[in-house]
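The values are calculated or read from the model by the stated rules, or taken from the named source; none is laboratory data. These numbers come from a predicted model, not from an experiment. Here Cβ is always computed from backbone atoms with ideal geometry, including for glycine, and neighbour counts include all displayed protein chains. Heavy atoms of the whole protein, side chains included, go into the accessibility calculation; ligands, DNA and RNA do not. Shrake-Rupley method; radii C 1.70, N 1.55, O 1.52, S 1.80 Å.
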Amino acid sequence: MSSTEYWALSDDIGQEIENKIENFRNNLRMLPLMDVWRNAFNAVHRALSHMGDVLNIGENGEYSGVYVNDYRSLTESKLNMIFAQVPAFDCKAVNTDFEAQIAAQLGNGLLEYYMRDKDLKYFIRKAVTHAYQIYGEMFFIAEWDVDGGDEYGANEETGAIIREGDIALRVAPPQLVVRDYMAKSNKELDWYIVTRFVSKYKLAAKFPEYADKIISLSYDYTNEFYSLSPGVISNRPDADTDLIPLHVMYHMPSMELPNGRLVEYVDGQVLSDSPMPYKNSPVIRVSIQDIEDTIWSYTEAWDLLPIEKIKNNLHSTVATNQSTWGVTSVIVPAAANINKTNLGGGLKVFDYKGNVEPKQFNISSTPGDTYNYMDKLVNIQEKLLSIPAIRRGAPENNIKSGNFAALVASQALENSANVQYAYEDLCTKSANQIIKVLQDFANVPRIAMIAGKSNRSYMKEFKGSDLTPINRVFVDLGSPLAASMAGRMELAGNYINLPPEWRDQWINIINTGRVENVVEENSSEILLIKSENESLQDGKSVQAIIIEDHVKHIKGHKRLLSNPEAKQNAQLVELVLDHIQEHIDLLNSGDPMLEFSTSTPQQAPPPPPMPPANPVQDAAANVNMPQMPIDPMTGEQFTPQTPQI
């Protein structure tokens, strides 16, 4: 290749990929990052080092090595706070017509399906967890797999099975994602080379023309970049595996490479080479905190590593002292003549001659300052990660109520901005990538049960074009309050105080973190009104039925005639007014069905107002009249007529 030619334009792209990989690894060897990653990996997976046993350490094995894994406990407590926030996807359409809103609902259902059934949740959690605990960053890849999905048909010429295709999800650590290591930011990068491990026999079946070359390859157990785990788990030369490294170059379109480039490469052989088919990069980086002016990342969890080492040294010191000197010894004068008699049951009687009695010799006692310092180190670790003790099941003495505990937990979450942003950012970017890939590659119709039962009436099958109106996905993180005991106690108190008719909807919001299900009925009615308005504008008549919310429909259809141009359209005016009249007739029908089917129950008219008070009549009624005589003709008391005033 000419020195003036851009490397990604080279005809010998396989050699260029090898050069990029080798240069990247040589640079990484000169950095301290690999050592930090290994230390963090070992801290998380400490049991792989001590094998669940007390180790004999020191030059002659004279110390008892004891490891208390607070690093894993603390970082997982932090991550559990973050993951308690359930992501709620909200697809936004280009416009607000009926079809666009249906597409948005379909998109929401698809994303929930991928979270639930296609391991999207697993890969998001894995990427964020490894970034926070070990690497400071991870890479999430979402791309189209033509060999995924169900069988769709067969090739007429070869008989090969054709599948629907589906999205393939995976994650990769930073040492397996080659990029321009001199860049000042990952946002400047147009390309990545990602190494992943695949079965060579599966790869040979996919590329039969290179089958012999592929099957001849083997896994390089000496490559330190392939795994950070100890040899007991991986990188064992005696292990039998079919896996080989596959290097995939993703180069997005740029000024120097207008069509981009997607290359699959194994050692010495380019398997596929094509223009970049994706509009957005399939490689998504999740970073806890960028290191300024570099492509690398930092995580606050690394600050715990030296403290963890000191703390474990102290635990080992105490354990060594107690195990070595824990058996009581006796000190006696050198010239003492001591005899012992066994009484059984471990009791002994000592006879001695001399003026100085034997004394207990205790050198196993550990100073209290040692224990205090060990506790202090744990407190420092908790403060570095902003983890309240209550998150680890050890509430402080000043926490007396569920409300206070919930407040402390929420404040801890507010101090987790970096990892929380990384989690939310990955949820958002991965959701957008999945929708974009489905739009571009899901050409085969498939059943849309994944959209959920509540939306089944809107679609029975879908393909990528049905998602075209969606141009953006937003993510809201639900409250983690219900994930803690203190929060649940607070929610239980609120539940009891709610009116009974609100409780089911309130529980739905707490469980899902979303209000869509609560307002779904109202949303469906609005979509129906919009759909009917579009039909009326197209000159089509629509029919009102008894179970609709007639007041809402009347108001919604009235908007069609709210501008002078529409009022000049005689056909539209007639259609709208006729349809509104249908709703008015049904509303005035007095059908008891309206009481159960509409959101505004029909109520009896209020009673007529009472006549105004007459103060003169009120005063006359309270006058004490004299006792009237008996009428001799009737024998009844005489009753005079009340005068009219």
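Overview of results
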read-out	value
Boolean, Phe41 is of a type outside the set (Gly, Ala, Ser) and over 15 Å from Met249 (Cβ atoms)	yes
Candidate set: segment 115-144, residues that are over 12 Å from the mean Cα position of the chain (by Cα) and hydroxyl-bearing (Ser, Thr, Tyr); chosen: the one nearest to Gln420 (Cα to Cα)	Tyr132
Segment 578-589 residues that are within 10 Å of Ala544 (Cα to Cα) and in a loop (DSSP other than H, G, I, E, B), paired with ones that are at pLDDT 90 or above and open to solvent by 60 Å² or more (accessible area, probe 1.4 Å) (beta carbon under 7 Å, 6 or more apart)	none
Criterion (within 27 Å of the chain's Cα centre (by Cα) and under 15 Å from Tyr265 (Cα atoms)) met by exactly one of Tyr192, Tyr210	Tyr192
Total residues in segment 217-226, condition over 25 Å from Trp7 (Cα atoms) and either of a type outside the set (S, T, N, Q) or surrounded by 14 or more Cβ atoms within 10 Å (Cβ to Cβ) (or both)	6
Identity of the residue in segment 562-581, under 48 Å from the mean Cα position of the chain (by Cα) and surrounded by 10 or more Cβ atoms within 10 Å (Cβ to Cβ), that ends up modelled with the lowest pLDDT	Ala566
Test for Asn443: is it modelled with pLDDT of 80 or more and either surrounded by fewer than 16 Cβ atoms within 10 Å (Cβ to Cβ) or touching a Cys at 6+ places or on another chain (Cβ under 9 Å) (or both)	yes
Ala204 vs. criteria within 21 Å of Val263 (Cβ to Cβ), small (Gly, Ala, Ser) and open to solvent by less than 20 Å² (accessible area, probe 1.4 Å)	yes
Condition met for Val286 (in contact with a Pro (Cβ under 9 Å, 6 or more places away or on another chain), more than 22 Å from Tyr6 (Cβ to Cβ) and either among the basic types (Lys, Arg) or surrounded by 20 or more Cβ atoms within 10 Å (Cβ to Cβ) (or both))	no
Complete set of residues in segment 185-208 that are out of contact with any Leu (no Cβ under 9 Å at 6 or more places or on another chain) and in a helix (DSSP H, G or I)	Asn186, Lys187, Glu188, Tyr201, Lys202, Ala204, Ala205, Pro208
Any hit, segment 542-554, residues being small (Gly, Ala, Ser), open to solvent by 60 Å² or more (accessible area, probe 1.4 Å) and modelled with pLDDT of 85 or more	no
Those residues of segment 37-81 which are aliphatic (A, V, I, L, M), within 12 Å of Gln133 (Cβ to Cβ) and out of contact with any Asp or Glu (no Cβ under 8 Å at 6 or more places or on another chain), in sequence order	Ala40, Val44, Leu79
Out of Gly109, Gly148, Gly165, sole residue that is touching a Gly at 6+ places or on another chain (Cβ under 6 Å) and either of a type in the set (Ser, Thr, Tyr) or under 30 Å from Ser535 (Cβ atoms) (or both)	Gly109
Single condition Val128 does not satisfy, out of (1) touching a Ser or Thr at 6+ places or on another chain (Cβ under 9 Å); (2) surrounded by 22 or more Cβ atoms within 10 Å (Cβ to Cβ); (3) more than 16 Å from Asn432 (Cβ to Cβ)	(1)
Which listed residue, of Lys184, Lys206, is over 27 Å from Ala131 (Cβ atoms), of a type outside the set (Asp, Glu) and modelled with pLDDT of 90 or more	Lys206
Qualifying residue in segment 135-154 (condition: touching a residue at least 12 places away in the same chain (Cβ under 8 Å), touching a Lys or Arg at 6+ places or on another chain (Cβ under 8 Å) and in a helix (DSSP H, G or I))	no
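Per-residue answers, yes or no, for (1) in contact with a helix residue (DSSP H, G or I) (Cβ under 7 Å, 6 or more places away or on another chain); (2) on the phi > 0 side of the Ramachandran plot; (3) surrounded by fewer than 16 Cβ atoms within 10 Å (Cβ to Cβ):
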| position | (1), (2), (3) |
| --- | --- |
| Gln133 | yes, no, no |
| Glu137 | yes, no, no |
| Ile161 | no, no, yes |
| Met182 | no, no, yes |
| Asn186 | no, no, no |
| Asp190 | no, no, no |
